[in-house]
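Below is one structure; the comments refer to it alone.
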């Protein structure tokens, strides 16, 4: 991140997004970057249509809500330079390559942070104090199967130059970079304004559409964000935004679409971080439907507390402990919250929640 971040993300039971942010128990994607899982009141998640998202300041960096495999890969090519000196002594060609690599690094880092972010809202969305979204009667979206292997990453800058010529292509690239910076600074409305004409003039460029869709997600425009990220899935042939897309469909009550996207994510089996975000969303959707036991089953599958837990494992544990508590399995909830409280640093409000169960 529905997060979401929202790709984005139910705060109390499970899901992940994409992307960051909303309030407890509604349907928004996720917020918060590293380290805390808990019931943060500043998380944004997709809400019911009669709710308005509450803008909240966030301490952590915003991200795109996905793991940037292509961004990370793109950051490694090109001429090796002593970048600690900055671009001061570079030739024009070296400067161009330096700036392109730096932009890709920034985008990759933002996406990774955003993916972590999307988990927050997921963990809260199934709060018992808020009724789950009413499922819609519309049919499940018909989607083309994804390719067996994701396509090779594109060079957006070069694609823009090839399409528009050097001058206009360079200007479009600078606008795209500006939008990424606005998004990172949580200036989502500005990012939206910058990206909209770029998407309209370059509808075939998946990377631009991806950032546009996540910006809409952060602005709480769930239907529009869903449409953009569905198109991103079709154009990119990847599952990078599936947790955010699942979270959006969950917030809109499109539970059949959540099931289909979760199944597709499992068939592709991406990296553990991305898979965990999807798992949290799927578990939260099951809880929304009143099947907390199914949500627990999804999160328990293959789970055991690791000796050196990674961020995505902590998020999964928090979501599972939350569902244990919701189901009345207090000893299991207390034990898992206690384990989370014992990691360094303690995870979110796990220590407080463990104490309340004593």
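The values are calculated or read from the model by the stated rules, or taken from the named source; none is laboratory data. Values in this document were obtained by computation on a predicted structure and should not be read as measured data. Every residue, glycine among them, receives a Cβ derived from its backbone with ideal geometry; neighbour counts consider all protein chains shown.
Determine if the stretch 288-300 includes at least one residue that is in a loop (DSSP other than H, G, I, E, B) and more than 22 Å from residue 141 (Cβ to Cβ).
The answer is yes, given that some residue of the stretch 288-300 is in a loop (DSSP other than H, G, I, E, B) and more than 22 Å from residue 141 (Cβ to Cβ).
Residue by residue through the stretch 132-146, note down the ones that are at pLDDT below 85 and surrounded by 10 or more Cβ atoms within 10 Å (Cβ to Cβ).
132, 133, 134, 135, 136, 138
From the list 284, 348, which one is assigned to a loop (DSSP other than H, G, I, E, B) and crowded, with 18+ Cβ neighbours inside 10 Å?
Result: 348 is the single residue among 284, 348 that is assigned to a loop (DSSP other than H, G, I, E, B) and crowded, with 18+ Cβ neighbours inside 10 Å.
Just give me the residues in the stretch 152-168 being surrounded by 13 or more Cβ atoms within 10 Å (Cβ to Cβ) and assigned to a loop (DSSP other than H, G, I, E, B), in sequence order. Walk me through it before giving the result.
Step one: list which residues in the stretch 152-168 are surrounded by 13 or more Cβ atoms within 10 Å (Cβ to Cβ), which gives 153-157, 159-161, 163-164, 168.
Hits for the stretch 152-168 are 153, 154, 155.
Among the residues of the stretch 268-315, write down those that are under 19 Å from residue 334 (Cα atoms), at pLDDT 95 or above and in contact with a helix residue (DSSP H, G or I) (Cβ under 6 Å, 6 or more places away or on another chain).
Once the filter is applied, which keeps residues that are under 19 Å from residue 334 (Cα atoms), at pLDDT 95 or above and in contact with a helix residue (DSSP H, G or I) (Cβ under 6 Å, 6 or more places away or on another chain), the stretch 268-315 yields 292, 295, 296, 299.
Being surrounded by fewer than 23 Cβ atoms within 10 Å (Cβ to Cβ), in a helix (DSSP H, G or I) and either out of contact with any helix residue (DSSP H, G or I) (no Cβ under 8 Å at 6 or more places or on another chain) or modelled with pLDDT of 95 or more (or both) is the requirement here; does residue 174 meet it? Spell out how you get there, then give the answer.
Details: surrounded by fewer than 23 Cβ atoms within 10 Å (Cβ to Cβ): yes; in a helix (DSSP H, G or I): yes; either out of contact with any helix residue (DSSP H, G or I) (no Cβ under 8 Å at 6 or more places or on another chain) or modelled with pLDDT of 95 or more (or both): yes.
So residue 174 fits the description; yes.
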